[in-house]
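The values are calculated or read from the model by the stated rules, or taken from the named source; none is laboratory data. This one's a predicted model, so the numbers in the text were calculated from it and none came from an experiment. Counting neighbours? That spans all protein chains shown, and the Cβs are built from the backbone with ideal geometry, glycine included.
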Amino acid sequence: MEGKYVNESRAVKAAHVQPLDTNYHGTMFGGKLMSYIDDVAALSAIRHARKPVVTASTDSVDFLHPIKEGSSVCLESFVTYTHKTSMEVFVKVITEDLLTGERQLCATSFLTFVALGDDGRPVKVPPIIPESAEEKMLFESAEGRREIRKIRREDSRRFSQVFSLAQPWESSRS
């Protein structure tokens, strides 16, 4: 399968942060931003695979700076790494004070998506071809993040075996 350049998967989303998007501190709800992150990351994954995709995991969302009401938020995403049927997508979020023009990196995130065929089963995706220094750095460090995801997924499977058996009204002190 022929590789694809990172830029072929790049997606951008911008929004004006309105009062209903904010908490009582006047900053954007984390959950609202996470929804935007998942949405723009999915666009990148679909562009890369040219197939329907599902979110397999959100590895991290690191909130670095608050996003204030009245500001804009701009999200940029692109595929950084692929493995058989999965794609790692990086998202960076920039906030801008629309009155002063000051911009700050306010969040970063890594998500994993799986491409699906017509039968709803995972299908192979093209490899990624990084070009810029930023793309190469993310590509070269991706295998380490993939190993961490595997460990976390094994932990989640163990947790699900324990917690799926417990009833919410049962005390853990029994």
- Single condition ARG153 does not satisfy, out of (1) more than 23 Å from SER60 (Cα to Cα); (2) among the basic types (Lys, Arg); (3) modelled with pLDDT under 95: (1)
- Is it true that LYS32 is surrounded by 15 or more Cβ atoms within 10 Å (Cβ to Cβ) and free of Cβ contacts under 8 Å to residues at least 12 places away in the same chain? yes
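Table: residues versus (1) under 30 Å from PRO19 (Cβ atoms); (2) of a type in the set (Lys, Arg); (3) surrounded by 15 or more Cβ atoms within 10 Å (Cβ to Cβ).
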{"site": "THR80", "(1), (2), (3)": "no, no, yes"}
{"site": "THR85", "(1), (2), (3)": "no, no, yes"}
{"site": "THR95", "(1), (2), (3)": "yes, no, yes"}
{"site": "ARG103", "(1), (2), (3)": "yes, yes, no"}
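Yes or no, residue by residue, for (1) within 22 Å of ARG149 (Cα to Cα); (2) without any contact (Cβ under 8 Å) to a residue 60 or more places away in the chain; (3) aliphatic (A, V, I, L, M); (4) assigned to a strand (DSSP E or B):
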site: ILE37; (1), (2), (3), (4): yes, no, yes, no
site: LEU43; (1), (2), (3), (4): yes, yes, yes, no
site: ILE46; (1), (2), (3), (4): yes, yes, yes, no
site: ALA56; (1), (2), (3), (4): yes, yes, yes, yes
site: ASP62; (1), (2), (3), (4): yes, yes, no, yes
site: PRO66; (1), (2), (3), (4): no, yes, no, no
site: GLY70; (1), (2), (3), (4): no, yes, no, no
site: VAL73; (1), (2), (3), (4): no, yes, yes, yes
site: GLU76; (1), (2), (3), (4): no, no, no, yes
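Residue by residue, here is whether (1) of a type in the set (Phe, Trp, Tyr); (2) touching a Phe, Trp or Tyr at 6+ places or on another chain (Cβ under 8 Å); (3) modelled with pLDDT of 85 or more holds:
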residue	(1), (2), (3)
THR108	no, yes, yes
LEU116	no, no, yes
ASP119	no, no, yes
PHE139	yes, yes, yes
- Note on the structure: Of (1) surrounded by fewer than 18 Cβ atoms within 10 Å (Cβ to Cβ); (2) touching a Leu at 6+ places or on another chain (Cβ under 7 Å); (3) under 19 Å from LEU99 (Cα atoms), SER71 fails just (1)
- Task: Consider only pairs whose beta carbons are under 6 Å apart and that are at least six residues apart or on different chains; among these, list those whose first residue lies in region 99-125 and is over 18 Å from ARG146 (Cα atoms) and whose second residue is assigned to a strand (DSSP E or B) and of a type in the set (S, T, N, Q).
- Result: GLN104/THR95; CYS106/THR95
- Query: How about region 1-17: which of its residues are assigned to a loop (DSSP other than H, G, I, E, B) and either touching a Ser or Thr at 6+ places or on another chain (Cβ under 6 Å) or surrounded by fewer than 11 Cβ atoms within 10 Å (Cβ to Cβ) (or both)?
  - Reply: MET1, GLU2, VAL17
- Checked region 18-33 for anything in a helix (DSSP H, G or I), over 21 Å from ARG103 (Cβ atoms) and either touching a helix residue (DSSP H, G or I) at 6+ places or on another chain (Cβ under 6 Å) or not small (Gly, Ala, Ser) (or both); matches are PRO19, LEU20
